Amino acid sequence: MKFFAYNVRPDEAPYFEKWQAEHDIEVTLTSDFLTADTVIRAADYNGISALQTIPYDAALFAKMGRLNLPYLALRNVGIDNVDLAAAETHGVKLSNVPAYSPYAIAEFGVLQAMNLRRRTKAIANQQLHGEFHWSPDFMGTEMRHQTVGVVGVGKIGRQAIALYTGLGATVIAFDPSRQGSDAGITYVSNLEILLKQADIVTLHAPGRPENDHLLNAEAFALMKPTTIVINTARGSLVDLNALKRALDTHQIAGAALDAFEDETAEMQQINSHAPFNEPLLADLAKRDNVLLSPHMAFHTETAVTNMVNGSLMSLMAFNQENQAEFELRY
Ligand code: COI
């Protein structure tokens, strides 16, 4: 048995090497993305491990079908960039790693909310401009006085609720698939109520079509001018043009974004030196009340270990004609 792993970053390589040594299974690593053009390199292998935010498209699955490559194990949870119908048509079995570390993503969201609330970007920027003094603009807000609205109560949303509750915030939640059934979680019956009440709106919903632009102009209009928005989920949940207008008109107070619509290949490439020239993002990046990060909320040692091990264990399970240990759950 031997596997081929795509888009392997330098920080992942040691975890692959450890797994290979422990299981005595060869895993060939490349930093290339998995596409219809690059998949040929995996032709003689028994399974593919991959991680990318650019699409896994129909052409890729057609080629996998032709090459008789039936197993693709994603090293992440989100499947919004996978043409699932094409995978099925061409007989490709998929797995993801549904719970590599909900803590990592939830913690990063809380970190960014606190950064916005305590104005740490403005404090750092002052020093970049050669100054170092107290400013009235640095006055913050304490978590225990905040109402946090958690949108989406899956594994990550639940962890976010636990963290914000631990910090003394009042937490309300909305999830269309869970209505008031969980002990200790205060659900509101619709998104509108949450958006009107929350001081921090934090998104933990999947990138499904029904969630496209969940936060649009109408949604921002419902929020308080002091509210901040945190998106560590999927770019498609937020209409960025509407967000910019809401910031420009002081309908909301700030935003932290870790995921973006149409994420480029460069954003995920560790060696990329492509210029940051997406005009809307470049505009947002200059603001003290906006924090941007390149889809790395997940990036902890624990998460990376589980992502690598989870996908390789799935490939082993597929090959042993077991169900993959980590079936697609989202
Ligand atoms: C996911 O696990 O779906 C993420 O968003 C992480 C990213 C590296 C794709």
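The values are calculated or read from the model by the stated rules, or taken from the named source; none is laboratory data. These numbers come from a predicted model, not from an experiment. Every residue, glycine as well, gets a Cβ built from its backbone with ideal geometry; the counts of neighbours run over all protein chains shown. Ligands, DNA and RNA are stripped out before the accessible areas are found, and what is left, the full protein with its side chains, is counted by its heavy atoms. Shrake-Rupley method; radii C 1.70, N 1.55, O 1.52, S 1.80 Å.
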Residues to consider are Thr89, Thr120, Thr53; find the one that is within 27 Å of Gln159 (Cβ to Cβ) and free of Cβ contacts under 8 Å to residues at least 60 places away in the same chain. Thr120
With respect to Arg208, is the statement that it is open to solvent by 10 Å² or more (accessible area, probe 1.4 Å) and within 16 Å of the ligand (Cβ to nearest atom) true? yes
So which of Asp239, Asp262, Asp288 ends up being touching a strand residue (DSSP E or B) at 6+ places or on another chain (Cβ under 8 Å) and among the acidic types (Asp, Glu)? Asp239
If you go through Val290, Val238, the only one that is of a type outside the set (D, E, K, R), in contact with a helix residue (DSSP H, G or I) (Cβ under 8 Å, 6 or more places away or on another chain) and within 21 Å of Lys121 (Cβ to Cβ) is Val290
Failed item in (1) within 16 Å of the ligand (Cβ to nearest atom); (2) of a type outside the set (A, V, I, L, M, F, W, C); (3) touching a residue at least 12 places away in the same chain (Cβ under 8 Å); (4) in a loop (DSSP other than H, G, I, E, B), with Ser272 passing the rest: (3)
Can you tell me how many residues within region 123-138 are without any contact (Cβ under 8 Å) to a residue 12 or more places away in the chain and either of a type in the set (A, V, I, L, M) or open to solvent by 80 Å² or more (accessible area, probe 1.4 Å) (or both)? 9
Would you mind stating whether Ala59 is in a strand (DSSP E or B), open to solvent by less than 60 Å² (accessible area, probe 1.4 Å) and within 22 Å of Gly207 (Cβ to Cβ)? no
Quick one: which of Asn115, Asn81, Asn76 is closer than 16 Å to Val229 by Cα and surrounded by fewer than 21 Cβ atoms within 10 Å (Cβ to Cβ)? Asn115
Looking at the structure I just gave you, is Leu281 more than 14 Å from the ligand (Cβ to nearest atom) and assigned to a helix (DSSP H, G or I)? yes
So is Leu34 out of contact with any Gly (no Cβ under 9 Å at 6 or more places or on another chain), within 16 Å of the ligand (Cβ to nearest atom), without any contact (Cβ under 8 Å) to a residue 60 or more places away in the chain and open to solvent by less than 10 Å² (accessible area, probe 1.4 Å) or not? yes
